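J.: Just dropping this structure here.
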Amino acid sequence: MDIATIDMRRVLDESHPGKAAKVELEAQFQANKAQFETLRARFEAAPDDKKQEAYQEAMDFEQSSIAAFEQDRAKRRQALVEQAKPLIQALAKERQLDAIVEASALLFAKPALDVTDVLIERLNQG
């Protein structure tokens, strides 16, 4: 059986689409952080009878923004995986491979089996 491996973490970190997603996620994170800091400042400045309400508002925002961020990150990862699938299938066909496996799922694989660089190059072209 002829197989190859792909390190999807590297694909996400090193491909142009992966880097673009990372930049967008970082911008989203920074915006959320700034909003949270505004809410924290509001809490600190609130009179004693309003502190609990301001605290709850900040905590609710933090929880919802973290959940939304994680959901967006997962969605972007899945979109990149979907974008890579046809390229992975073409690579398998070209090299007459029976399977391409996520490298992190293996305890050992010869480095020569790794086609991550080829996939990154192809993602960067298209």
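The values are calculated or read from the model by the stated rules, or taken from the named source; none is laboratory data. Just so we're clear, the structure is a prediction, and the values are computed from it rather than from any experiment. FYI the Cβ positions are ideal-geometry reconstructions off the backbone, even for glycines, and counts take in every protein chain you see. Accessible surface is based on the protein model in full, side chains and every heavy atom, while ligands, DNA and RNA are left aside. Shrake-Rupley method; radii C 1.70, N 1.55, O 1.52, S 1.80 Å.
J.: Relative contact order for the chain: what percent, with Cα pairs under 8 Å and sequence separation of 6 or more?
T.: Numbers: 101 pairs, mean separation 68.6, N = 126.
Value for the chain: 54 percent.
J.: Sticking with this structure for a sec: Please report, in debye to the nearest 20, how large the charge dipole of the chain is about its Cα centre when each Lys and Arg carries +1 at its beta carbon and each Asp and Glu carries -1 there.
T.: Once rounded to the nearest 20, the dipole reads 340 debye.
J.: Please report the carbon-and-sulfur percent of the accessible area for segment 27-92; probe 1.4 Å, protein heavy atoms only, DNA, RNA and ligands left out.
T.: On the way: 2520 of 4570 Å².
Within segment 27-92, the accessible surface is 55 percent carbon and sulfur.
J.: Same structure, new question: Treating the angle as unsigned and between 0 and 90°, give the value, to the nearest 10°, between the Cα long axis of helix 48-94 and the longest Cα principal axis of the chain.
T.: It is inclined by approximately 10 degrees.
J.: Here's something else I'd like to know. Nearest 10 degrees, 0 to 90: what angle lies between the long axis of helix 116-125 and the longest principal axis of the chain (Cα atoms)?
T.: The helix 116-125 is inclined about 70 degrees to the chain.
J.: For a quick size check, give me the Cα extents of segment 41-98 along its three principal axes, largest first, whole Å.
T.: Ordered largest first, segment 41-98 gives principal extents of 70, 15, 11 Å.
J.: Please label the shape of segment 69-120 as rounded, prolate or oblate, based on the square roots a ≥ b ≥ c of the eigenvalues of the alpha-carbon gyration tensor (a/c under 1.5 means rounded; beyond that, a/b larger than b/c means prolate, else oblate).
T.: Oblate shape, in that a/c is at least 1.5 and b/c is the bigger or equal ratio.
J.: For the pairs LYS19/LYS50; LYS22/LYS93; LYS22/LYS110; LYS51/LYS75, flag any whose C-alpha to C-alpha distance is greater than 32 Å. If you can, show how the numbers build up before the last one.
T.: Numbers: LYS19/LYS50 42 Å; LYS22/LYS93 30 Å; LYS22/LYS110 30 Å; LYS51/LYS75 36 Å.
Pairs exceeding the cut-off: LYS19/LYS50; LYS51/LYS75.
J.: Keeping every protein chain present and rolling a 1.4 Å probe, give me the accessible area per residue for the chain in Å².
T.: On the way: 8640 Å² over 126 residues.
With all protein chains present, the chain gives 69 Å² per residue.
J.: Choose one of VAL115, GLN83, ILE66: the residue whose Cα lies farthest towards the positive end of the charge dipole of segment 23-126 (beta-carbon charges +1 Lys, Arg; -1 Asp, Glu; about the Cα centre).
T.: VAL115
J.: Taking percent of Cα pairs over 21 Å apart straight from the coordinates, which label in (1) 46; (2) 36; (3) 55 is the correct one?
T.: (3)
J.: A follow-up question, please. Would you pull out the residues with amide H under 5 Å of VAL101's amide H, same chain only if 5 or more places away, H placed 1.01 Å from N?
T.: Distant-sequence amide H within range of VAL101: ALA4, THR5, ILE6.
J.: Using only the alpha-carbon atoms, how far is helix 16-45 inclined from the longest principal axis of the chain? Give it as 0 to 90 degrees, nearest 10.
T.: For helix 16-45, the angle is close to 10 degrees.
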